[in-house]
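Everything on this sheet refers to the single structure shown next.
No lab work stands behind these numbers, since they all come straight from the coordinates. Because the structure is predicted, anything quoted here is derived from the model rather than measured. Cβ: placed from backbone, ideal geometry, glycine included. Neighbour counts: every protein chain shown.
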Amino acid sequence: MGIVTDSHLPWLRQQLDEWDASLLRRRRRVVTPLKEGWCLVDGRRVRNFAGNDYLHLAQHPDVIAAAQAAVVQAGVGSQGSALVCGRTSWHVELEQRLARFEGAEAAILFPTGMAANMGTITALAGARDVVFCDRLNHASLIDGCRLCGAKFRVYRHKDLNRLGDALQQAAHFQRRWIVTDSVFSMDGDLAPLPELCDLAERYQAHLIVDEAHATGVFGATGRGVCEHFGVARRVAVRVGTLSKALGALGGFVCGSAELIETLWNSARTQMFSTALPPAICAAATAALDVLEREPERRIQLQRSCELFRTELRQRGVEPLPGSTGPIVPVVTGSPATTLQVAAKLEERGYLVGAIRPPTVPAGTSRLRISLSLAHSTTEIAQFAAVLTEELSAL
Ligand SMILES: *Cc1c(COP(=O)(O)O)cnc(C)c1O
């Protein structure tokens, strides 16, 4: 039998053509990670300014060694979901380690951050509840809100007045949930967590905060934006990921023992999915060790972020207002200009994110530059100069 080319699902062609015409069709490439922040993109050696490995831990020797040791001992796959046979001593150690690191009673692992958000929201919120969701929240939070059966209300980005008004009208629901990113993934700005806590307390709502881009990066000891603002105790549910600054893979939730026990018993993305590979857990635990042992990493990253923003501003380029930390968005507007600048940068040896709808609202396509400890201060300044040149050539 040959490959079926045209007899099934004929309408897909039309959708693909539309994506092509509006420059929204995603092009896949092969990216091979090399050492020290280099990568090969379709064969060309470039500097990676597009990844989320902010602390450069994905290639840390201790992290690699921990993964290697575990893979030799336990093999690659975990063989089953956590509740059947997939939860090894490496998982338990990581759960305990995360709870301690976060100053929480307990923590639970999920296959990914996406699964953590979807599984947690659907486990906690139900048909008699209302969920309030920032318009720029990550897709995993939005989809969790859509799926959970609660009344779904989206508020304008960080619009506390609107949210307050909506909460005031929501007294008749059984429960009120406020769901937010702590660092918005495409804007790089922080949620106003103290004010959100005030609103939650005033209207008897409960906060779910996703620290995906904040764990390891923000806060005095790297616990995230809740720590940064000193509100961790006022937040009912904190979600994080091991896939970004910790350089591994997987999601987690931390909170009270009762919350975690409830999620063990009802979060479907955890119950009905294979547990993380033991080697990934070993790697994440080793990454937490490095994080706690070397707080100077976070300080160095902060310095790089300030340096890059200063270099851009001195050359007349303004990163998206409100952005702070290693995610530096520069709005270019249309998909065409965004792709054009990204392609030029790639020719000059730099890989950046070219972010278009539906990831961001129409008209706000952008370059998403992410900084990491793999970048030296000299190269950060050089890159700022190259980026400015390419933007002014538009
Ligand atoms: C990346 C991201 C996630 C998903 O985490 P994964 O571990 O990559 O699945 C969840 N929330 C936010 C805000 C993110 O940026």
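Among 199-205, 290-296, how do they line up by average Cβ neighbours within 10 Å per residue, starting with the highest? Before the final figure, lay out each step's value.
Numbers: 199-205: 16.7, 290-296: 14.3.
The densest-packed peptide leads the list: 199-205, 290-296.
Once amide H atoms are built 1.01 Å from N in the peptide plane, which residues 5 or more positions from residue 219, or in another chain, come under 5 Å H to H?
224, 228
Under a 5 Å amide H to amide H cut-off, with H placed in plane at 1.01 Å, what residues pair with residue 354 once short-range neighbours are removed?
When sequence neighbours closer than 5 places are left aside, the close amide H contacts are 368.
Which ³J(HN,Hα) values, rounded to whole Hz and listed in residue order, are derived for segment 210-219 from phi using the Karplus coefficients 6.51, -1.76 and 1.60 in 6.51 cos²θ - 1.76 cosθ + 1.60 with θ = phi - 60°, glycine and proline given as x?
Along segment 210-219, the couplings run 9, 9, 3, 8, 9, 4, x, 10, 9, x Hz.
With +1 on each Lys and Arg Cβ and -1 on each Asp and Glu Cβ, and nothing else charged, work out how big the dipole of segment 61-293 is about its Cα centre, in Debye to the nearest 20.
Details: 21 positive and 23 negative charges, 114 e Å.
Roughly 540 debye, rounded to the nearest 20.
Taking the alpha-carbon set of segment 61-293, what are its Rg and Dmax in Å?
17.3, 57
Are there any chymotrypsin sites (Phe, Trp or Tyr not before Pro) in segment 9-47 that are in a DSSP loop and have at most 10 other Cβ atoms within 10 Å? List them by number. Don't skip to the end; give the middle numbers.
Values: sites: 11, 19, 38; in loops: 11.
Filter output for segment 9-47: 11.
With θ taken as phi - 60° and the coefficients 6.51, -1.76 and 1.60, list the Karplus ³J(HN,Hα) couplings across segment 43-58 in order, rounded to whole Hz; mark glycine and proline as x.
Along segment 43-58, the couplings run x, 9, 7, 9, 7, 8, 10, 10, x, 10, 8, 4, 9, 6, 9, 4 Hz.
Local charge sum around residue 89 (other residues, Cβ-Cβ under 14 Å, Lys/Arg +1, Asp/Glu -1)? Write out the running numbers ahead of the final one.
On the way: positive: 87, 97; negative: 93, 95.
Combined, the nearby Lys, Arg, Asp and Glu give 0.
For residue 154 and residue 256 in one chain, what is 0.36 nm times their gap in residues minus the Cα-Cα distance, to one decimal in nm? Walk me through the numbers before you get to the answer.
On the way: separation 102, 0.36 × 102 = 36.72 nm, distance 2.72 nm.
Answer, rounded to one decimal: 34.0 nm.
Going by average Cβ density within 10 Å per residue, which order do the peptides 328-340, 162-174 take, highest to lowest?
Numbers: 328-340: 18.8, 162-174: 14.7.
Packing proxy ranking, top to bottom: 328-340, 162-174.
Please state the relative contact order of the chain as a whole percent: Cα pairs under 8 Å, 6+ residues apart? Before the final figure, lay out each step's value.
Values: 765 pairs, mean separation 86.1, N = 394.
Relative contact order for the chain comes out at 22 percent.
For residue 155, list long-range residues whose amide hydrogen, built 1.01 Å from N in the peptide plane, is under 5 Å from its own amide hydrogen.
133, 134, 135
At most 15 other Cβ atoms within 10 Å and a DSSP loop assignment: could you name the trypsin sites (Lys or Arg not before Pro) in segment 333-391 that fit? Intermediate values should be presented prior to the final figure.
Working: sites: 344, 348, 366, 368; in loops: 348.
The qualifying sites are 348.
Convex hull over the Cα atoms of the chain, averaged projected area in nm²? Mind showing how you got there, number by number?
Values: hull surface 87.0 nm².
Mean shadow area of the hull around the Cα atoms is 21.8 nm².
At 222 nm, what value in deg cm²/dmol follows for the chain if DSSP H runs of at least 4 each add -39500 (n - 2.57) and the sum is divided by all its residues, to the nearest 500? Walk me through the numbers before you get to the answer.
Numbers: 14 runs with 161 residues, N = 394.
When only DSSP H runs of four or more count, the value is -12500 deg cm²/dmol.
Once phi is turned into ³J(HN,Hα) by the Karplus curve 6.51 cos²θ - 1.76 cosθ + 1.60 with θ = phi - 60°, what whole-Hz value does each residue of segment 315-329 show in order, with x for glycine and proline?
Per residue, the Karplus-derived 3J(HN,Hα) values read 9, x, 9, 9, x, 3, x, x, 5, 8, x, x, 8, 10, x Hz.
Order these peptides, 310-316, 22-28, 115-121, by their mean beta-carbon neighbour count within 10 angstrom, highest first. The partial results should precede the final answer.
Values: 310-316: 14.1, 22-28: 11.4, 115-121: 27.7.
Highest mean packing first, the order is 115-121, 310-316, 22-28.
What whole number of Å gives the distance from the Cα centroid of segment 325-394 to the Cα centroid of segment 72-96?
Going from one Cα centre to the other spans 39 Å.
Report the trypsin sites (Lys or Arg not before Pro) located in segment 209-264 that are in a DSSP loop and have at most 10 other Cβ atoms inside 10 Å of their Cβ, or state none.
Numbers: sites: 223, 233, 234, 238, 244; in loops: 223, 244.
Sparse-neighbourhood loop trypsin sites (Lys or Arg not before Pro): none present.
Would you mind listing how long segment 284-374 runs along its three principal axes, going by Cα atoms, in whole Å with the largest first?
44, 31, 28
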